[in-house]
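All of the numbers you see were taken from the coordinates with simple rules; none came from a lab. If you're wondering where the values come from, they're calculated on a predicted model, not measured in any experiment. For neighbour counting, all protein chains shown are included, and Cβ atoms are generated from backbone atoms with ideal geometry for every residue, glycine included.
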Amino acid sequence: MPDFEQAPGDAATPRAPRPAGQTDDKPAKAPSPRHQNRVAAMQFLYMAEVNTPTELAASLYDFFHNREHPRDFYAFAESLASGAWEKREAVDATIREHAKNWSFDRIAKVDLAILRLAIYELLFRRDIPPIVSINEAIDLSKEFSTPDSKRFINGILDKLKGTLDRPLRTADV
């Protein structure tokens, strides 16, 4: 059912749906460029899982070339997507290790893309604080998946967080 706005004496007119988290008293906060890049990286990983690229560089170029922002805006996303895809064997082994009592094949493809991105960041991107990677993964799951997925993703990342050999709130630069 659409939201309706009605001025006194006017007929109700449909209002565009509000972005998640926006209330009448606060305008929606624009997503950060880093978050937009993570969304794009997750979308590439989802696409690559569904339709395995034959040539990674060409697939990355095609995917990031025709997006909302200029291609150089997505440099961070391309780095994340490329790294996560190239390290997916190690990342998938980590998912299998921490997803106890859960068949890898049963993981929803969008959840798998989110997990691959976050675990790649946790294991291979020491320039990103682990807490940031985990929070971003939770945000992506809220935005693109189900409430149950949020708990599943958080559970796996929380188990992995306990095994890391670095500070959780700072980057190793």
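Numbers below:
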| item | result |
| --- | --- |
| Simple label model, 7 Å out from Cα along Cβ direction - residue 159 to residue 100, nm | 0.6 |
| Debye log10 I(q)/I(0) at q = 0.11, 0.17, 0.21, 0.24 Å⁻¹ for segment 67-138, Cα point scatterers | -0.29, -0.66, -0.95, -1.15 |
| ³J(HN,Hα) computed for each position of segment 102-116 - Karplus, 6.51 cos²θ - 1.76 cosθ + 1.60, integer Hz, glycine/proline x | 9, 6, 4, 5, 7, 5, 4, 4, 5, 5, 5, 5, 5, 5, 4 |
| Whole-Å semi-axes of the ellipsoid equivalent to segment 24-148 (Cα gyration tensor, √5λ, descending) | 22, 20, 14 |
| Counted charge near residue 159, where neighbours are those whose Cβ lies closer than 14 Å (Asp, Glu -1; Lys, Arg +1) | +2 |
